[in-house]
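S.K.: One structure follows; several queries about it will come next.
The values are calculated or read from the model by the stated rules, or taken from the named source; none is laboratory data. Predicted model, so just to flag it, every value in this text is computed and none were measured. Quick reminder, even Gly has a Cβ in these numbers, built from the backbone with ideal geometry, and neighbours come from all protein chains shown. Note: areas computed on protein heavy atoms with side chains; ligands, DNA, RNA excluded. Shrake-Rupley method; radii C 1.70, N 1.55, O 1.52, S 1.80 Å.
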Amino acid sequence: MIASVAVPEPPRPHALDDCSRRAEPASPARTEAIRGGAAALSVQRFTLRVEGGPDHGRAAVTRGTSIVIGSDPGAGLALTDGAVSRYHCELRVGDGAVTVRDLGSRNGTTVDGVAVIEAVLHPGAVLTVGRTRIRFEPDGERVAVPLSTAAAFGRMAGQAPAMRAVFALLERAAPTDATILLHGETGTGKEAAAESIHAASPRRDGPLIVVDCGAVPPTLLEAELFGHAKGAFTGAVGARAGAFEAARGGTVFLDEIGELPLELQPKLLRVLERREVKPVGADRYHAVDVRVLAASHRDLRAEVNAKRFRADLYYRLAVVEVTLPPLHERVGDLPLIVARLLADAPAAVRAELMAPAFLEHLARHRWPGNVRELRNYLERCAALGVELAPRPADAPDAPPAAGHGIDASAPLRDARERWTAYFERAYLDDLLRHHGDNLTQAARAAGVDRAHLYRLLWKHGLK
């Protein structure tokens, strides 16, 4: 039996978060059956109508869960207003409301005259972008977004409509060779999604090569991706194949593609368009047979606006775009996710950490670190030998005080290692959150070298 001590409390949700979960406004999205008995997400349709500016009279009607306003010809509502950014703002249906989010535009977005970064829209709201005024109006019709009948896709699990919509899209895209761009907050499972796509593709018997563009120093990233010839630089005593050549017949997954230096982006674009690479120091291109998947926790449209990411490369990566929903948008999936995360845990640990009261305890937290944060929290509970016990609502997220939770029957070395591991996980988690997952800034603040920080993150499952 697990020792009876208090569970370390996740950070308390903000009062507004808790209220938003209890409130049940009329939802612009609901699940219902469509023709043939298949399930679909029925999404409220709305119209965006230009009421002032160079494109007066232009309108766009939504066909799914989101629409982008911008000057790019591919935007859902494309404008000719020179004061409008390429990808200016996005409207999205979710969490019981329609929200507008500015995408790092040059001149900002206002709703009813108030400048916003993100805001909930009411019927009749007027958005101003550049010199253009746009009225938002639900039109009474609904759009059906297909949902998968499965509660899992490879390593990913979920029964919430947002996840089943993702599964339905991946079920269609995975068997093709289409390039897929995965979006999502840190910890939402982008690497698990890439592995699942590869496993469901005709290339499943080929290699899956993962390159984390944010973890490799910029000076070495070109060779990591494209390889190098013998003598290309000091220390290059022999030729070396890069990720694209090593993945022949398989898949290359470019994680954190938003960190790719601007000078390497044209070279990656050529790989996507011509399927050929030139190693560093070589004088000719080599054909490669690979599929490319990419992921970023950054919004690449905002990066395009800021001129940190090439628009043509974004187009080539975003053949199919998939956004993984954050955990707080699918709290109903917690029992399923926890069961998967605890699949290899001892039976006693599973029983304690899957008890209804404990799952309810988990559902009260917003999980800003998503599934990764949840996994680390469960590991911490299991490692410290804890079971659910009441704590004051304002108890800090800290290890048990001396004399409470210390197992003196364990050898000193083992007990010390357990508490050191607890400290390192908690420290690294807070460090990443404080520096917005920027590893360079985090390493500098921690006073350690970036490579050492990266090894610690891997050790504790934070990367």
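S.K.: Met163 is checked against (1) assigned to a helix (DSSP H, G or I); (2) among the hydrophobic types (A, V, I, L, M, F, W, C); (3) touching a helix residue (DSSP H, G or I) at 6+ places or on another chain (Cβ under 6 Å) and fails just one. What number does that condition carry?
M.R.: Result: Met163 passes all but (3).
S.K.: Could you list, in sequence order, the residues of region 172-186 that are part of a loop (DSSP other than H, G, I, E, B) and either at pLDDT 95 or above or acidic (Asp, Glu) (or both)? If you could, list the steps in order and put the result at the bottom.
M.R.: Of region 172-186, the ones part of a loop (DSSP other than H, G, I, E, B) are 174-179, 184-186.
The answer is Ala174, Pro175, Thr176, Asp177, Ala178, Thr179, Glu185.
S.K.: Related question: Test Val111 against the stated conditions and say whether it is closer than 24 Å to Ala162 by Cα, surrounded by 18 or more Cβ atoms within 10 Å (Cβ to Cβ), among the hydrophobic types (A, V, I, L, M, F, W, C) and without any contact (Cβ under 8 Å) to a residue 40 or more places away in the chain.
M.R.: On the way: closer than 24 Å to Ala162 by Cα: no; surrounded by 18 or more Cβ atoms within 10 Å (Cβ to Cβ): yes; among the hydrophobic types (A, V, I, L, M, F, W, C): yes; without any contact (Cβ under 8 Å) to a residue 40 or more places away in the chain: yes.
Taking the combined requirement at face value, the residue does not satisfy it.
S.K.: Restricted to region 324-345, and to residues that are outside any helix (DSSP H, G or I) and either of a type in the set (Asp, Glu) or modelled with pLDDT of 95 or more (or both), which residue is most open to solvent (accessible area, probe 1.4 Å)?
M.R.: Quick first cut of region 324-345, residues outside any helix (DSSP H, G or I) only: 324-326, 330, 342-345.
Those still in the list that are either of a type in the set (Asp, Glu) or modelled with pLDDT of 95 or more (or both) too: 324, 344.
Values: Leu324: 4, Asp344: 154 Å².
The qualifying residue most open to solvent (accessible area, probe 1.4 Å) is Asp344.
S.K.: List the number of the failed condition for Gly189; all other conditions in (1) modelled with pLDDT of 95 or more; (2) surrounded by 20 or more Cβ atoms within 10 Å (Cβ to Cβ) hold.
M.R.: Result: Gly189 fails condition (1) only.
S.K.: How about region 61-96: which of its residues are open to solvent by 10 Å² or more (accessible area, probe 1.4 Å), in a strand (DSSP E or B) and among the hydrophobic types (A, V, I, L, M, F, W, C)?
M.R.: Passing the criteria: Val61, Ile67, Val68, Ala78, Val93.
S.K.: Also: Answer yes or no as to whether Ile180 is aliphatic (A, V, I, L, M), under 22 Å from the mean Cα position of the chain (by Cα), closer than 25 Å to Cys89 by Cβ and crowded, with 17+ Cβ neighbours inside 10 Å.
M.R.: Taking the combined requirement at face value, the residue satisfies it.
S.K.: To continue, here is another question. Just one of (1) part of a strand (DSSP E or B); (2) out of contact with any strand residue (DSSP E or B) (no Cβ under 8 Å at 6 or more places or on another chain) trips up Thr128, so point out which.
M.R.: (2)
One line per residue, one yes/no per condition, for (1) surrounded by 18 or more Cβ atoms within 10 Å (Cβ to Cβ); (2) over 20 Å from Gly53 (Cα atoms):
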{"site": "Val100", "(1), (2)": "yes, no"}
{"site": "Leu103", "(1), (2)": "yes, yes"}
{"site": "Ala119", "(1), (2)": "yes, yes"}
{"site": "Gly124", "(1), (2)": "no, no"}
{"site": "Thr132", "(1), (2)": "yes, no"}
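S.K.: Among helices (runs of 4 or more DSSP H) lying entirely in region 192-299, which contain 1 or more residues that are more than 18 Å from Leu317 (Cβ to Cβ)? Spell out the reasoning first.
M.R.: Values: elements: 218-226, 243-246, 265-274.
Qualifying helices (runs of 4 or more DSSP H): 218-226, 243-246.
S.K.: From the list Leu254, Leu220, which residue is at pLDDT 95 or above and closer than 29 Å to Glu303 by Cβ?
M.R.: Details: Leu220 fails: at pLDDT 95 or above.
Sole residue among the options that is at pLDDT 95 or above and closer than 29 Å to Glu303 by Cβ: Leu254.
S.K.: Restricting attention to region 192-213, report how many residues are open to solvent by 10 Å² or more (accessible area, probe 1.4 Å) and either closer than 25 Å to Leu264 by Cα or not aliphatic (A, V, I, L, M) (or both). I'd like the intermediate steps shown before the answer.
M.R.: Within region 192-213, the first condition is being open to solvent by 10 Å² or more (accessible area, probe 1.4 Å), and the residues that meet it are 192, 195, 198-200, 202-210, 212.
Filter again for either closer than 25 Å to Leu264 by Cα or not aliphatic (A, V, I, L, M) (or both), leaving 195, 198, 202-210, 212.
Total meeting the criteria: 12.
S.K.: Right, here's the next one. Of the residues Glu245, Glu259, Glu263, Glu273, which single one is open to solvent by 10 Å² or more (accessible area, probe 1.4 Å), closer than 29 Å to Asp72 by Cβ, out of contact with any Cys (no Cβ under 8 Å at 6 or more places or on another chain) and touching a residue at least 12 places away in the same chain (Cβ under 8 Å)? Outline the logic, then answer.
M.R.: Values: Glu245 fails: closer than 29 Å to Asp72 by Cβ; Glu259 fails: out of contact with any Cys (no Cβ under 8 Å at 6 or more places or on another chain); Glu263 fails: touching a residue at least 12 places away in the same chain (Cβ under 8 Å).
Checking each option against the conditions leaves just Glu273.
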